[in-house]
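Colleague: Mind looking over this structure? Questions follow.
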Amino acid sequence: MTVFLGLPRADPESHLHGAPFPQAARAAIADTQLRRNLGNATATIRAKRARVVGEVPDWAALRAAGAAIKDDTLARLPELLVQLEEAVTARGGTVHWARDATEANRIVTALVQATGADEVVKVKSMATQEIGLNEALEAAGIAAWETDLAELIVQLGHDTPSHILVPAIHRNRAEIREIFLREMGRVGLPAPADLTDSPPALADAARRHLRQKFLDARVAISGANFAVASTGTLSVVESEGNGRMCITLPRTLITVMGIEKLVPTWQDLEVFLQLLPRSSTGERMNPYTSMWSGAVEGQEFHLVLLDNGRTAVLSDPEGRAALRCIRCSACLNVCPVYERTGGHAYGSIYPGPIGAVLSPQMTGPSQNSTLPYASSLCGACYDACPVAIDIPSMLVHLRSQVPHPAAERAVMRSVAYAMGSPRRWAVALAVSKAGRLLGRRRGRLSTLPPPLSGWTSSRDLPLPPAESFRDWWTRTHGDGS
Amino acid sequence: MSSARDEVLGRIRRALADRPAPAEVRRDYRRTGELDRTALLDLLVDRLVDYKASVRRCAEPELAGTLVDALTERGAARVVVPPGLPWDLPGAVRDDDLTAAELDDLDGVVTACAVAVAETGTIVLDSSPDQGRRMITLVPDYHLCVVRADQVVQIVPEAVARLDPDRPLTWISGPSATSDIELNRVEGVHGPRTLEVVLVD
Ligand code: SF4
């Protein structure tokens, strides 16, 4: 008999876990500048999104179709991936498979080295961030230039992204100006000395800085928003044109894509090209979407299909719907916890509600044991999600899987014991009333003695009521016997 | 050692050991628009302008003159045109595998399109001979695009149905834009910073 050990998780090279959430969140909440930037940004995107979603009369039907298409894809994933591979190959592309981050990095590095290039231009891509591709390329002596404006700000600032869609959401214009002045000259065309902090001036400095890199680059690396199994079509959805530049100009294009990014048919794009832009940037359509099937217009094309823990997510019937995610980031912008802590507190490149689900699923719950608690379970993320992922239920499901401290288990056991018999419960209530004496002055209890102090370190405990429901019932209705 | 391909596919099959039933996809969303032609074209113009594209409308016989007017007003003396563009324009440079650096020196590009989506203000190029390589509409700073009324559809599903996935496609909705600095929208980062559309009715 063989023992089933479960499916391999994301490998440790991946950028999917960091400091525990409560620790990281405490620092983030103390940063008032960060909270102001985040508060403004999330409120603005929320309002834009609500307006353009409200314009679409059949939004509910599109959302249901989006969820169903993704579920159908996941249920038939092996055959659809093979179909994609055949379609891409038939159109002159080459398909590579990567079990984990290390393997994907090795494949991409070798492909770049084969071209003789020692630098690459990159389109913003969550998959390549997840595997730490820039660092791996750097270790091999290859410079990777991020070309999305926000990613450029993050890269030049020696920083990490804090939002899926607007990675530099935590930076204001004065900080961006300083970063450009200080860093651009070290890696290419310097920013003009008289650079102001007006957004058009900053965008123009980025345009000039990157222009030469685009025109010179021989290799580009991208992610993909969607891949169509039946036609081998890849697509990148973006705003600035940096994606088009990367995908079009260099002779070699390498696309790294999670195995869940698939849709079965060409027609399915009609659903996602409506759901994604409106949920993501709150626009009717993003400025640019590029689509290509195989190697086109004289380019060499490589597609790297990445597992890195996705099959572990797939193996949990209660959690696999997280793989429907199209990375629109709508759930971040409506989340009261994200709005206050920002993305860095989640310790993973997937922040916010979807990150709180996906990261522990991909790494295994013990690597990210605090993330399933980084939520108020208010349900706003579920309402906002264009593919109807029930994130709150998954968080509850994951909470049951993460390791719990011995003290907490002991408390839960004793509560269960007390609630197991009416007489024991009556005694417990009498004891809890004594708790009122401890917090009389503030009306709240802010610290409990250990082991309960872990719970009160991040919240106040309301005082037990002066009269319990059972006492009230007995007083007003007699004891019922 | 098995190959990565076999191993990943094997893992997926094991992960699906509970055999989830394939979900039924109901396409009961809108598949066709309901607007008449006049309303449809007006909607396209409204949405293009909303995305900061400028729009000129003309009838077929006036097209050549309208294009010349647009180029003159813009001061675009030398523009690249795809090999199959059916109109003769002053200062036109036919694309004959120009390099990116050569394109960078020109004032703009003039193309036709494959489909336009009114509701989203989107123009789709499919690299046909009258639209050319993806590169020529990307590097120059000004894009003048001709849309014929019969190429306009109302909603995205109608556009997807008309397009051929085997062609390299570019969907364009307004000029290049970024909102990465404090969410202020700035037009024009890397693509053409000016998009002008001539709608021929
Ligand atoms: S979980 Fe839903 S709302 Fe959140 S990023 Fe993914 S698709 Fe968007």
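Colleague: So if I check each of A:E283, A:E297, which one is in contact with a Ser or Thr (Cβ under 9 Å, 6 or more places away or on another chain), of a type in the set (D, E, K, R), in contact (Cβ under 8 Å) with a residue 12 or more places away in the chain and within 16 Å of the ligand (Cβ to nearest atom)?
Modeller: Criteria check complete, one pass: A:E283.
Colleague: Just a yes or no: is a residue in the range A:313-321 within 14 Å of another protein chain (Cβ to nearest Cβ), open to solvent by 10 Å² or more (accessible area, probe 1.4 Å), more than 9 Å from the ligand (Cβ to nearest atom) and free of Cβ contacts under 8 Å to residues at least 24 places away in the same chain?
Modeller: yes
Colleague: Evaluate the following for A:P403: is it away from the ligand (no atom under 16 Å from the Cβ) and either within 14 Å of chain B (Cβ to nearest Cβ) or of a type in the set (A, V, I, L, M, F, W, C) (or both)?
Modeller: no
Colleague: Still on this structure: What are the residues in the range A:377-391 that are assigned to a helix (DSSP H, G or I) and surrounded by fewer than 18 Cβ atoms within 10 Å (Cβ to Cβ), if any?
Modeller: Of everything in the range A:377-391, just one residue is assigned to a helix (DSSP H, G or I) and surrounded by fewer than 18 Cβ atoms within 10 Å (Cβ to Cβ), namely A:D383.
Colleague: Considering only residues of the range A:349-376 that are open to solvent by less than 10 Å² (accessible area, probe 1.4 Å) and of a type in the set (G, A, S), which is farthest from the ligand (Cβ to nearest atom)?
Modeller: That would be A:G364.
Colleague: May I ask you to list the residues in the range B:18-68 that are free of Cβ contacts under 8 Å to residues at least 24 places away in the same chain and on the phi > 0 side of the Ramachandran plot?
Modeller: B:R19
Colleague: Sticking with this structure for a sec: Of all residues being of a type in the set (A, V, I, L, M) and at the interface with chain A (Cβ under 8 Å from one of its Cβ atoms) in the range B:115-138, which is farthest from the chain's Cα centre (by Cα)? Just the residue, please.
Modeller: Across the range B:115-138, the extreme among qualifying residues is B:M135.
Colleague: Residues being β-branched (V, I, T) and surrounded by fewer than 24 Cβ atoms within 10 Å (Cβ to Cβ): count how many of those fall in the range A:335-348.
Modeller: 1
Colleague: Any chance you could count how many residues in the range A:83-116 are within 11 Å of chain B (Cβ to nearest Cβ) and buried (at least 23 other Cβ atoms within 10 Å of the Cβ)?
Modeller: 2
Colleague: Out of everything in the range B:160-201 that is at the interface with chain A (Cβ under 8 Å from one of its Cβ atoms) and assigned to a helix (DSSP H, G or I), what residue ends up being most open to solvent (accessible area, probe 1.4 Å)?
Modeller: If we take residues in the range B:160-201 being at the interface with chain A (Cβ under 8 Å from one of its Cβ atoms) and assigned to a helix (DSSP H, G or I), then B:A161 is most open to solvent (accessible area, probe 1.4 Å).
Colleague: Now for a separate question. Kindly evaluate A:E119 against the criterion of being away from chain B (no Cβ under 12 Å), open to solvent by less than 10 Å² (accessible area, probe 1.4 Å) and in contact (Cβ under 8 Å) with a residue 24 or more places away in the chain.
Modeller: no
Colleague: Scan the range B:177-190 for residues that are modelled with pLDDT of 80 or more and hydroxyl-bearing (S, T, Y) and report the count.
Modeller: 1
Colleague: Can you list residue pairs whose Cβ atoms sit under 8 Å apart, with the first residue in the range A:328-339 being more than 7 Å from the ligand (Cβ to nearest atom) and the second being among the hydroxyl-bearing types (S, T, Y) and open to solvent by 10 Å² or more (accessible area, probe 1.4 Å)? Count only pairs 6 or more apart in sequence or on different chains.
Modeller: A:C335/A:S375; A:P336/A:S376; A:V337/A:S375; A:V337/A:S376
Colleague: Being within 13 Å of chain B (Cβ to nearest Cβ), under 20 Å from the mean Cα position of the chain (by Cα) and more than 16 Å from the ligand (Cβ to nearest atom), is that true of even one residue in the range A:172-195?
Modeller: no
Colleague: A follow-up question, please. I'd like to verify a number: residues in the range A:200-237 that are more than 9 Å from chain B (Cβ to nearest Cβ), open to solvent by less than 20 Å² (accessible area, probe 1.4 Å), out of contact with any Gly (no Cβ under 8 Å at 6 or more places or on another chain) and closer than 21 Å to B:V186 by Cβ, how many?
Modeller: 1
Colleague: Given the conditions (1) surrounded by fewer than 17 Cβ atoms within 10 Å (Cβ to Cβ); (2) modelled with pLDDT under 95, which single one is not true for B:P83?
Modeller: The number of the failed condition is (2).
Colleague: When residues of the range B:86-124 are filtered for being open to solvent by 10 Å² or more (accessible area, probe 1.4 Å) and hydrophobic (A, V, I, L, M, F, W, C), how many remain?
Modeller: Counting residues in the range B:86-124 that are open to solvent by 10 Å² or more (accessible area, probe 1.4 Å) and hydrophobic (A, V, I, L, M, F, W, C) gives 9.
Colleague: Exactly one condition in (1) within 16 Å of the ligand (Cβ to nearest atom); (2) open to solvent by less than 10 Å² (accessible area, probe 1.4 Å); (3) under 22 Å from B:A53 (Cα atoms) is not met by A:R310; state its number.
Modeller: Single failed check for A:R310: (3).
Colleague: So which residues in the range B:1-20 are more than 7 Å from chain A (Cβ to nearest Cβ) and open to solvent by 50 Å² or more (accessible area, probe 1.4 Å)?
Modeller: Answer for the range B:1-20, where residues must be more than 7 Å from chain A (Cβ to nearest Cβ) and open to solvent by 50 Å² or more (accessible area, probe 1.4 Å): B:M1, B:S2, B:S3, B:D6, B:A17, B:R19.
Colleague: I need the full set of residues from the range A:239-279 which are open to solvent by 10 Å² or more (accessible area, probe 1.4 Å) and of a type in the set (G, A, S), in order please.
Modeller: A:S239
Colleague: Hey, could you check the range A:27-57 for residues that are closer than 13 Å to A:T341 by Cα and more than 20 Å from the chain's Cα centre (by Cα) and say which is most open to solvent (accessible area, probe 1.4 Å)?
Modeller: Checking each candidate, the answer is A:R36.
Colleague: Then there's this: Mind checking which residues of the range A:394-415 are assigned to a helix (DSSP H, G or I) and modelled with pLDDT of 75 or more?
Modeller: Selection gives A:M394, A:L395, A:V396, A:H397, A:L398, A:R399.
Colleague: Okay, moving on. Can A:S198 be described as among the hydroxyl-bearing types (S, T, Y) and farther than 29 Å from A:S290 by Cα?
Modeller: yes
Colleague: Based on what the data block shows, is B:V93 more than 13 Å from every other protein chain (Cβ to nearest Cβ), farther than 25 Å from B:D201 by Cα and either assigned to a helix (DSSP H, G or I) or at pLDDT 95 or above (or both)?
Modeller: yes
Colleague: Restricting attention to the range B:139-154, and to residues there that are touching a helix residue (DSSP H, G or I) at 6+ places or on another chain (Cβ under 6 Å) and without any contact (Cβ under 8 Å) to a residue 60 or more places away in the chain, which single residue is nearest to the other protein chains (Cβ to nearest Cβ)?
Modeller: Going through the qualifying residues, I end up with B:V139.
Colleague: Taking the range B:119-139, which residues are under 21 Å from B:T194 (Cβ atoms) and small (G, A, S)?
Modeller: Selection gives B:G121, B:G132.
The values are calculated or read from the model by the stated rules, or taken from the named source; none is laboratory data. These numbers come from a predicted model, not from an experiment. Here Cβ is always computed from backbone atoms with ideal geometry, including for glycine, and neighbour counts include all displayed protein chains. What goes into the accessible areas is simple: the full protein's heavy atoms, side chains included, and nothing from ligands, DNA or RNA. Shrake-Rupley method; radii C 1.70, N 1.55, O 1.52, S 1.80 Å.
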